[in-house]
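Inspection log for the structure reproduced underneath, given as structure tokens.
The values are calculated or read from the model by the stated rules, or taken from the named source; none is laboratory data. These figures come from a predicted structure and were not determined experimentally. All Cβ positions, even for glycine, are placed from backbone atoms using ideal geometry, and neighbour counts span all protein chains on display.
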Amino acid sequence: MARIAMLGTGLIGTFYTTALHGKRGRDRVVVVHGRDPERTMAFAKTHGIGRSTTDMAEAISDPEADVVVIGLPNHLHLEATLLAAAAKKPVLCTKPLARSASEARQMLEAVEAAGVFHGYLEDLVYPPKTAKAIESVRRGAVGKVLWTRSREAHPGPHSDWFWNKELSGGGALVDMGCHCIEIGRAFVGRDVRPLEVMCWGATQVHPIEAEDHAIGLVRYASGAVAQFEVAWSFRGGMDLRDEVSGTEGSIWLNHWLRTGFEVFSSAGSKGYVAEKAEAESGWMFPVGDEAAALGYEAMFTDMLDALEQGRPPAETFYDGYVVNAIMDAAYRSMASKRWEEIPLDVWRGLEGGEETAATTTFDDQHDLIKRERLSDGRVKLILKNRQTGEVVQRVEGPA
């Protein structure tokens, strides 16, 4: 059983507490910290939490709490981590890990120096569909991964601090690009080094300093390219989609707007539909169990099982640091309008592994470019001669 100090009473704190009190069944939030006294007390009452406080240090040092969960605005992640490390308590932090790679590295160094368990709460690599897709890719179902695409877009976040660049560290890229980038890493392979980024971003709709729309490409040492798309300017709900393309197959995932649960009502929903849903009548796309669909339940199961079993979870502060480093390079690319290198002062993956072409040997002289079945049942082969480079075609089978 984990006894948890929950830092944060916003949307993410609500999702986290619901998931923690649900899936494993034996974990409890015993103290909650929030900025507003009345809201924090109300949160505690709603979720059956015994103590509430507006003092972060008090919540972290609470003698009844043995795990700290950070669900706070981005600018407070470093402070909360340093306090948790000083208290020698396991700490789990929401995404993004920090506002920059520099802050993320400080957090990583703090928990490792203190020798405390740490987990990066990147929920969108944990939904059942995503987890199964990642495992399929690892088993080789799509062959060599060539390209991935992850998209998250909606009309904008709920809380005011997200829109303040100083507090958040950026706009839609920092808010949602961290999801998309880590999903790309999961499909390409977390041990494959990200080399460079090309990113466009702009403020297209909202009167803010940060970007409300960004599109980027991350090139990896294996030759794979991971595409991310994020927007605070998308209307119609929340669009969550992932794709993987490899030499032997493809995967498409649609998590939110097309889930197989679609409702039309002229009378209106008469209540909550789903996170970021804009419509309350007409066609609506409810989600049966949001905590499960967004990966929160599986994420906390992995985190707390790992803590009990003495192993690292699937996502650690190190992963959050790598994501922050990629986002830093993406922001540099926005400004320079060119590919920007991703400097990683801490890299624990494969060395080398520069990109190579994926080839399939056909015979002693040829590599296979393509095989296709013709309408008459015969098979056409497109072959490349290894010695001369000549590309030829051959048709096999009865005429």
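Observations, loosely collected:
- In the range 130-144, the residues that are of a type in the set (Lys, Arg) and not in a loop (DSSP other than H, G, I, E, B): Lys132, Arg138
- Condition check for Gly223: in a loop (DSSP other than H, G, I, E, B), on the phi > 0 side of the Ramachandran plot, assigned by TED's automatic domain parsing to the domain that holds Gly320 and modelled with pLDDT under 95: no
Yes or no, residue by residue, for (1) within 24 Å of Ala224 (Cβ to Cβ); (2) of a type outside the set (Val, Ile, Thr):
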site: Ala104; (1), (2): yes, yes
site: Val111; (1), (2): no, no
site: His118; (1), (2): no, yes
site: Lys132; (1), (2): yes, yes
site: Lys165; (1), (2): no, yes
site: Gly171; (1), (2): no, yes
site: Asp191; (1), (2): yes, yes
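- Neighbours by Cβ (under 6 Å, 6+ apart or cross-chain): first from the range 105-128, over 10 Å from Pro313 (Cβ atoms) and without any contact (Cβ under 8 Å) to a residue 40 or more places away in the chain; second surrounded by 20 or more Cβ atoms within 10 Å (Cβ to Cβ) and polar (S, T, N, Q): Ala110/Thr81
Here's the yes/no breakdown for (1) under 14 Å from Glu243 (Cβ atoms); (2) modelled with pLDDT under 95:
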site	(1), (2)
Gly119	no, no
Glu122	no, no
Val137	yes, no
Ser150	yes, no
Gly156	no, yes
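- Residue match in the range 145-160 (condition: crowded, with 21+ Cβ neighbours inside 10 Å, in contact (Cβ under 8 Å) with a residue 12 or more places away in the chain, in a helix (DSSP H, G or I) and of a type in the set (Val, Ile, Thr)): no
- Total residues in the range 88-118 satisfying the condition of being in a loop (DSSP other than H, G, I, E, B) and either buried (at least 18 other Cβ atoms within 10 Å of the Cβ) or among the acidic types (Asp, Glu) (or both): the figure is 10.
- Failed item, numbered, when Cys180 is tested on (1) outside any helix (DSSP H, G or I); (2) without any contact (Cβ under 8 Å) to a residue 60 or more places away in the chain: (1)
- Scanning the range 233-285 for residues that are outside any strand (DSSP E or B), out of contact with any strand residue (DSSP E or B) (no Cβ under 6 Å at 6 or more places or on another chain), hydroxyl-bearing (Ser, Thr, Tyr) and at pLDDT 85 or above yields a single hit, Thr247.
- Verdict on Leu374 being over 30 Å from Val174 (Cα atoms) and at pLDDT below 85: yes
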